[in-house]
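Quick note: the coordinates plus some simple rules give every number you see, no bench work behind them. Values in this document were obtained by computation on a predicted structure and should not be read as measured data. All Cβ positions, glycine included, derive from the backbone under ideal geometry; neighbour counts span all protein chains shown.
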Amino acid sequence: MATATDGVGTVQAEQSKVWEWLTTVDHKKIGTMYGITGFTYFLISGLTALAIRTQLAVPNGNVLSAELYNQFFTMHALMMIFLAIMPMGASFFNYFIPLQIGARDVAFPRLNALSYWVFLSGSLILFSSFFLGGAPDAGWFAYAPLTDAKYSVGSGLDFYCVGLIILGLSSLMASLNFAVTILNMRAPGMTMMRLPVYMWMTLVVSFLLILSLPIVTVALVMLYFDRNFTTNFFTPETGGDPILWQHLFWLFGHPEVYVLILPSMGIVSEVIPVFSRKPLFGYAAIVFAGASIGVLGFGVWAHHMFTTGLGTVPALVFSATTMGIGVPTGVKIFNWLSTMYGGSIRFTTSMYFAVAFIAMFTIGGISGVMHASPAVDSQHQDTYFVVAHIHYVLFGGAIMGIFSGIFYWWPKMTGRFLSEISGKWSFWVMFAGMNLTFFPMHFLGVSGMPRRIYTYDEGFGWDDWNMVATIGSYLIGVSILIFLINVFRTMRQPATAPDNPWDAPTLEWATSSPPPEHDFDVVPEVHSSMPLWTNREMGIVTPEAPEGLHIHLPPSSYMPLILAIGVGLIGVGLLSHLALVGIGVAISTYGVWGWSIEPTD
Amino acid sequence: MTGRSRQIVLVVASFVAVAFVSWLIFIAFDGAAIDKRMSTLNPLSDQAQSYHDVYVLVWWLSGAVFVVIMAATLILSIHYRERPGVEPRRDIHGNTRLEILWTIIPIVIVLIMVVPTFAAVLSVEGDAEEGALEVTATGHQWWFEFTYHDSDGNELFRTANEMHVPVEQAVNVSLVSNDVIHAFWVPALFGKKDMMPGHNNRLWFKSKPGTEGMHYGQCVEYCGDSHANMRFRIFVESAADYDAWVTNQIAKAKWSDDELVSAGREVFVAKACNSCHQVEYSKSDAPDWLVPPTVAAIGPNLSHLASRTTIASALLDRDESSLRAWLKNPPAIKPGSRMPNLELTDDEITKLIAMLDSLE
Amino acid sequence: MADMNAVHDAHDEHPTTTIREYLIIGLVLSVITAVELVMSLYEDELGVVLIPGLLIFSAIKFVIVVAMFMHLKFDSIRFTQIFAFGFVLATCLLIAVVVLFAYDATDAIGGGFIGDPIEHH
Amino acid sequence: MSAATHETEHHTSLGVDNRKLLMWIFLASECLFFGSLLSTYLIFKGESLSGPGTDIFAFEITSISTFVLLMSSLSMVLAVYGAQHGQLGLMKLMLLCTILLGLVFLGFQVYEFKTFASEGLTLSTNQFGASFYILTGFHGCHVGVGVLYLSSLLISSVRRNGIGKETPLYIDIGGLYWHFVDIVWIVLFTVVYLIPAY
């Protein structure tokens, strides 16, 4: 397909580069900003993890104080979940939803820009807590009443409430946008059962967020009121109940786990067929399994609470539903493996990460099902066994999947290939590093090492494995360094990537690399879930773009930025002085007003 | 070699390789039981045993799934790697029969896990049979308090961080918290349960014959700065030893007229130690200045400190140097400790240690 | 969800309800509210019927507003599916959480479930 | 609100407008929001350690304000009718009516809160008070946002002084939000006020 010729695209006034990015409503630019921000937080959060591992390398370590350690492990989780994995997922969503469904942009481009800027302001508020009197230090699920003003005297937990509410707002807006886009803006011929699996997973993730974020918002508001406005929702002395926090939090928190892992499942469902060079095995089953994981995800939350005195019958009910989730997950794993069967597999770096995803996620999945049994859970909950479990799911699963996606889509996004040799080095170092780090944690768990302890005594049999885990974590750090060098070196090279370097079947590969601002000159016809392969087999040729093609694109707007600044100020005001809330409201109101009257044509 | 036999060799080799790795992993898991301090693989009570039985079953099932999927990944990756002249089978889009099969297999595995899980949980929940020992364990930031009751539920005595139970006797533990959520766990004796403020959780256990000895426990629900330092121990003893211990605990603290001890008592009062720590003396005509406070819930009851093996929520052995370090600056040992640095002089500390050592 | 692909170009067709019909619906809603009020005044006489009765009336009002005022009766079935999914999920979770709390035998404050399965001191 | 919908206006995958779809999905999300608040209330309403309990409710006032909100739904649907049938006057009148009824409802709520506070029920009095205020307070916030939302629709329709191509759609979507706030109150009125003693 021809690359965009001059004259194709939008007519825009010359603007400075910075202003262009600040006011952009282009989903690709917004996706890029999400990606860069998310990866930056990934690096910062990784550094906190290295500090944690350094502290734990030897018994009675004294690299970090107890206070700092507790802030670090809390912020490590918060940043990885809300500021790294979710935005990196949102980055791919933004970039590839319109490209994969054959649309010009998302349904609401300005809302999309607003989501990013609100995310940025929320993330800065949460992150700034490090420098403004101490970060949250009550763990990422912040169990009451430890979070009450009586036990958490500093303002860390206020930053937690306000930061997460703002981040939730951003995720809600983004998810609404994505859901509408996927449901309603598909290319002609692209029925729901012809949607790429990645789009299906995006849709499920969007609905998970749309339906679970309001719950945690309510909990966070109540916590904020408890801390600042004399209510007693979670303080038992005055009739409150800390169990309520746990229910509301995990009603959100468990779907959130699927929000983190499903995008990566979508990515490997794209990558594996492409490099096996054959269609995905059992498309319908994979889609159905993904959707049912999403629905079942709302019915298992209390398995996080087996040890709280839930009662026998509820514990057994939630045990059964939790084990039930293993079934669709198993279906997915077997279908991915069957896709490789009979293939002719090209082992690119992206495929390495995808295959590693299957293996590593399987380990995390198995240990998850093990703990669906309250009998096993009561001996392993809150030990390093659970730490191993979540990291096999979130690192071996979510992060491996994201790296697979980065190597897969990099040529499309930048027009340049990442070095395969360097990429494979970073893969193997990361693979070795993550297994060295996280597998020994299983041993630590069965030998009874509790999680979230900043120090431990020698003689419990924990010393050696902790040292191994620390060495492994440094290896992960090295692998990330190799990857960064890879990025900086290859970005200096000229853009040489063809439209479809991997011979992939989905629509994003039908346009140039990188795509023009209007995405497609002409959207190809869609007759299957693998349109490019099917069209080639059927001999359908996408017509060339007509001469003088002019595609109307939405104009850029600075209103999202202003509105986000307003929202950010409201947040800052809630943490400092209520007068700032007033200013924030005024700015937001101006933003909404300007938004609603500004021409969109 | 023909293609067929090469395939067989590949499959066998992959399974052998994965099984070997799994065997190494198994050895390592087993190694976790060698150091038995906090190991979950060393059940010494009926309750821990019934949980352990479920764990073993779940472990073998998981291990089998692990070996199959890892071997399959390996075999498929090697066998179907790109080779010249071999075209991918683009005609395969799925196979309904196979997909139904591997939907049913996980369901069966889940059912195999569900049944013993339900049985084990039902056998452990609830309370012990009649005549069980009644102990209330209270979580504090950051130490454990144990209150022993007689059969009518009347309080007998309080102690801290070290719990004694007779061997082969059922024990009911009432779990409460004085501040935030803590969790109570001795892996060898019982699965963990949370100490929820505003709630009253219960657990029970009955140690197996021949399990006399010291068993390690720790708080396993994150509870603030010194969560890592909140440890405790359970001593399983013969009935005779246990009775002797109870008799000593019920008795009030021994009065000593030793000069250093008397001086220590004065420091104890002068530095307001007794506003947090209770010491009930047996002496009926205790001097006016030594009025024990009625309730001491802020710090552990010290009436029989010298009968314990540890101090500072089982963080340090109870010996002269640890006591000295602790009294010198408690928050340095236990960050966030409710016991502040009292700026005691070495002389005062010496006196206090003498007094504390007299509290057998 | 499988047949969500149906592509129809149905442009917003306005519901055919007349003003008169809207007014009647408004009247019906008011009457139901009045009946509910009267019911709540006779709670002793009604006994066990009261709560289910009130809930049913409230559900009727809910359905009338959603179907007629929000035009779900006339609009795309997708809207109904999406909204019903959210509403049913919210209802299920509400019931589940409330039941879990009612079941909580360890609550030292609120008292346990009727027929409390675990006796404690 | 959307520009990219522009070219797909006549052809969307589900045959519905993006903006209306967005509003319906948002309302599904709001169900979970109010569901969580209502769960909290139901769990806590019996946990009245001290101070007033549910017997504080004054039937007459709440019944009137409930009636007011129901009537605002009626006027809202008539405004939508006006927009869809090109009756500009009816639309503007009914929008104004809806806004005023919304304000009256808010007035009643402020009065109710003040009365309760003077009778000793505050956020910190007991669990019932805290969960009641936060539940009905958030509903009140939604009514307030609705009033602002409808006011902006009214102002823009006055400024334009005519019915644009998209006016019926905007009024319709605004109506969806308003009716949702109303049905939340239908549930709250029954569960909170009419079934208080259980």
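Points worth noting:
- Across the range B:134-250, Cα pairs under 8 Å and at least six residues apart give a relative contact order of 28 percent.
- Tail fraction, Cα-Cα pairs, chain A, threshold 42 Å, whole percent: 21 percent
- One quarter of the convex hull surface built on the alpha carbon atoms of the range B:259-357 amounts to 6.1 nm², the projected area averaged over directions.
- One compactness figure for chain D is 1.17, namely its Cα radius of gyration divided by 2.2 N^0.38 Å.
- Fluctuation leader among D:VAL143, D:VAL181, D:VAL104 - chain D, Gaussian network, Cα springs under 10 angstrom: D:VAL104
- Projecting the Cα positions of A:LEU209, D:HIS142, A:TRP425 onto the charge dipole of the protein assembly as shown (unit charges on Cβ atoms of Lys, Arg, Asp and Glu, taken about the Cα centre) puts A:TRP425 furthest along the positive direction.
- Of B:LYS254/B:LYS328; B:LYS193/D:LYS45; B:LYS36/B:LYS192; B:LYS36/B:LYS208, those spanning more than 20 Å from alpha-carbon to alpha-carbon: B:LYS254/B:LYS328; B:LYS193/D:LYS45
- All other residues whose Cβ lies under 13 angstrom from that of A:THR383 are scored, Lys and Arg at +1 and Asp and Glu at -1, for a net of 0.
- Around D:THR54: net Lys/Arg minus Asp/Glu count, Cβ-Cβ under 15 Å: -4
- Exposure proxy order (Cβ contacts within 10 Å, fewest to most) of D:SER124, B:SER45: D:SER124, B:SER45
- Other residues lying with their Cβ under 12 Å from the Cβ of D:LEU78 contribute a combined charge of +1, Lys and Arg counting +1, Asp and Glu -1.
- For C:71-79, mean number of other protein chain Cβ atoms within 10 Å: 5
- Taking a straight Cα-Cα cut-off under 17 Å and skipping sequence neighbours fewer than 8 places away in the same chain, the lysines within cross-link reach of C:LYS61 are C:LYS73.
- Between 0 and 90°, nearest 10: helix B:46-79 axis offset from chain B longest Cα axis: 30 degrees
- In terms of packing, defined here as the mean over residues of other Cβ atoms within 10 angstrom, the peptides A:98-111, C:40-53, A:219-232, C:83-96 line up highest first as A:98-111, A:219-232, C:83-96, C:40-53.
- Chain A - percent relative contact order, Cα under 8 Å, separation 6 or more: 19 percent
- Membrane-span-like helices in chain D, defined here as complete DSSP H runs extending at least 30 Å along the helix axis by their C-alpha atoms with mean Kyte-Doolittle hydropathy no lower than 1.0, are D:18-44, D:59-84, D:88-118, D:167-188; this is a sequence and geometry rule, not a statement about a membrane.
- Kirkwood Rh in Å, taken over the protein assembly as shown so that all alpha-carbon pairs contribute: 33.2 Å
- Förster radius 25 Å - calculated FRET efficiency between D:VAL145 and C:VAL98 (Cβ-Cβ, nearest 0.05): 0.35
- Value of relative contact order over chain D, rounded to a whole percent, pairs C-alpha under 8 Å and six or more apart: 30 percent
- Cross-link partners of D:LYS20 among aspartates and glutamates (Cα-Cα below 17 Å; sequence separation of 8 or more within a chain): C:ASP9, C:ASP12, C:GLU13, C:ASP75, D:GLU7, D:GLU9, D:GLU30, D:GLU166, D:ASP172
- Each of B:GLU87 and B:LEU24 was given a label point 7 Å from its Cα along the Cα-to-Cβ line. The distance between the two points is 4.2 nm.
- Distance from the C-alpha centroid of the range A:74-129 to that of the range D:128-198: 29 Å, rounded to the whole angstrom.
- Prolate/oblate/rounded label for the range B:75-184 (Cα gyration tensor, a/c 1.5): prolate
- Shielding by other protein chains, C:62-69, mean Cβ within 10 Å: 5
- Nearest-ten-degree value, helix A:578-597 long axis tilted from longest Cα axis of chain A: 20 degrees
- Counts of other chain beta carbons within 10 angstrom of each beta carbon in peptide D:185-194 average 6.
- Nearest-ten-degree value, helix A:420-446 long axis tilted from longest Cα axis of chain A: 20 degrees
- The A:GLU237 and B:ASN341 beta-carbon pair, evaluated with R₀ = 25 Å, returns a calculated FRET efficiency of approximately 0.30.
- Ordering of B:274-280, A:374-380, B:249-255 by burial proxy (mean other Cβ atoms within 10 Å per residue, highest first): A:374-380, B:274-280, B:249-255
- Proxy reagent accessibility, fewest Cβ within 10 Å first, across B:ARG6, B:ARG89, A:ARG416: B:ARG6, B:ARG89, A:ARG416
- Under 25 Å between alpha carbons - lysine pairs in chain A that sit 8 or more apart or on different chains: 9
- Distance from the Cα centroid of the range B:188-215 to that of the range A:14-66 is 43 Å (rounded to whole angstrom).
- Order of A:MET559, B:MET196 under a 10 Å beta carbon neighbour criterion, fewest first: A:MET559, B:MET196
- Alpha-carbon centroid distance for the pair the range A:327-377 / the range D:27-87, whole angstrom: 47 Å
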